[in-house]
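Report on one structure; see the data block that follows.
Readers should treat all values here as calculations from the given coordinates under stated rules, not as data from a laboratory. Given the structure is predicted, the values throughout are model-derived calculations rather than measurements. Here Cβ is always computed from backbone atoms with ideal geometry, including for glycine, and neighbour counts include all displayed protein chains.
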Amino acid sequence: MEIKRCRICKSDIVGRLDKVFCSVKCKNAYHSMRRRQNELHVREVDNVLHRNRIILLELSEKKKFGRFFIDKQKLIALGFKFEFCTKVYHAPDGKIYHYVYDFAWTDYAKNEIMILMSNYASMAV
Ligand SMILES: [Zn+2]
């Protein structure tokens, strides 16, 4: 019969066959580690999303209309990460809107991005 080893300390596990940890201490250490890893990853993604929103917010501050256009390279230079969004909407006209909270962006023309500002973005859906 194969001896099972604890996921944390690698010592032999004695007792029930379905045990994964040798002790409550190791079980708690494992779940604490998992929770820390999860929080770290979530925080990294949240930081990028928040940064993306701040970029769009700052760009929109002096705009009068619900949408504006910007060169894709300018957005990249500002640190905007296109691969991070909070929602994707495929419009009937074929356009794909990527949401960053209350803003949305879509490819408009070659290297040109259309940004929809807060209230306007909800009208795309
Ligand atoms: Zn252990």
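So here's what we get for this one:
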quantity: Longest exposed-site-free window of the chain, the sites being GluC sites (Glu not before Pro) in a DSSP loop that have at most 13 other C-beta atoms within 10 Å; calculated: 3-60
quantity: Relative contact order of the stretch 47-121, pairs being alpha-carbon contacts under 8 Å that are 6 or more residues apart, as %; calculated: 34 percent
quantity: Using alpha-carbon coordinates, inclination of helix 24-60 to the longest axis of the chain, degrees; calculated: 10 degrees
quantity: Least to most buried among Lys64, Lys10 (fewest other Cβ within 10 Å first); calculated: Lys64, Lys10
quantity: Computed E for Asp102/Val20 - FRET, C-beta separation, R0 35 angstrom, nearest 0.05; calculated: 0.20
quantity: Cβ charges +1 (Lys, Arg) and -1 (Asp, Glu), total dipole of the chain, debye; calculated: 620 debye
quantity: Computed over the chain, the ratio Rg/Rh where both radii use C-alpha atoms and Rh is Kirkwood; calculated: 1.31
